[in-house]
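K.L.:
Structure incoming, see below.
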Amino acid sequence: MGSSNGGGDEELKRMAELSKTLKEGERILAPTRRPDGTLRKPIRIRAGYVPQDEVAIYQSKGALLRKELTALQEAPPGYDPELDAKPKTKSVKRNERKKEKRQQ
């Protein structure tokens with residue numbers, strides 16, 4: 001157990017040395033532990049670099065417009081508020097009954 005503490009102190013010394021050599025805007029990712037228990041090296045990230053995992057996925061202008069339009073719509077897709085607003089006439093009701101009979 002005592003040997004693992006010595007390794008931790010050694011890592012802290014390495015991190016301190018790396019942080020001394022950092023330039024403006026650079027940063028260091030701490031060492032991570034692998035599933036088998038060994039440590040990965042600390043990673044220095046240059047100023048202005050965005051890791052691939054953090055880059056936003058490209059979306060075309062059309063996709064962005066569609067997303068905005070769906071966010072603005074309050075009604076479910078396919079809903080036509082004009083149909084509900086008008087009272088149904090006799091002929092419309094008669095036609096609906098005929099359609100129902102045909103479907104049966």
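K.L.:
What residue, among those in region 34-45 that are out of contact with any Ser or Thr (no Cβ under 8 Å at 6 or more places or on another chain) and under 30 Å from Glu24 (Cβ atoms), is least open to solvent (accessible area, probe 1.4 Å)?
P.N.:
Ile45
K.L.:
Also, quick follow-up: Would you please list the contacts, defined by Cβ atoms under 8 Å and residues six or more apart or on different chains, that run from a residue in region 41-70 that is within 30 Å of Leu22 (Cβ to Cβ) and touching a residue at least 60 places away in the same chain (Cβ under 8 Å) to a residue that is part of a helix (DSSP H, G or I) and open to solvent by 90 Å² or more (accessible area, probe 1.4 Å)?
P.N.:
none
K.L.:
Here is a follow-up. Residues being at pLDDT below 80, open to solvent by 100 Å² or more (accessible area, probe 1.4 Å) and either closer than 30 Å to Ile28 by Cα or within 39 Å of the chain's Cα centre (by Cα) (or both): count how many of those fall in region 46-104.
P.N.:
The total comes to 8.
K.L.:
It is to be established whether one or more residues within region 9-26 are at pLDDT 80 or above and either over 28 Å from the mean Cα position of the chain (by Cα) or surrounded by 10 or more Cβ atoms within 10 Å (Cβ to Cβ) (or both). Reasoning before the result, please.
P.N.:
Narrowing region 9-26 to residues at pLDDT 80 or above: 26.
Right, trim to either over 28 Å from the mean Cα position of the chain (by Cα) or surrounded by 10 or more Cβ atoms within 10 Å (Cβ to Cβ) (or both) and you get 26.
Yes, because at least one residue in region 9-26 is at pLDDT 80 or above and either over 28 Å from the mean Cα position of the chain (by Cα) or surrounded by 10 or more Cβ atoms within 10 Å (Cβ to Cβ) (or both).
The values are calculated or read from the model by the stated rules, or taken from the named source; none is laboratory data. What you see is a predicted model, and the numbers here were worked out from it, not measured in a lab. Ideal geometry is used to build each Cβ from the backbone, glycine not excepted, and the neighbour counts take in all protein chains shown. In case anyone asks, the SASA skips ligands and DNA or RNA and just uses the protein heavy atoms, side chains included. Shrake-Rupley method; radii C 1.70, N 1.55, O 1.52, S 1.80 Å.
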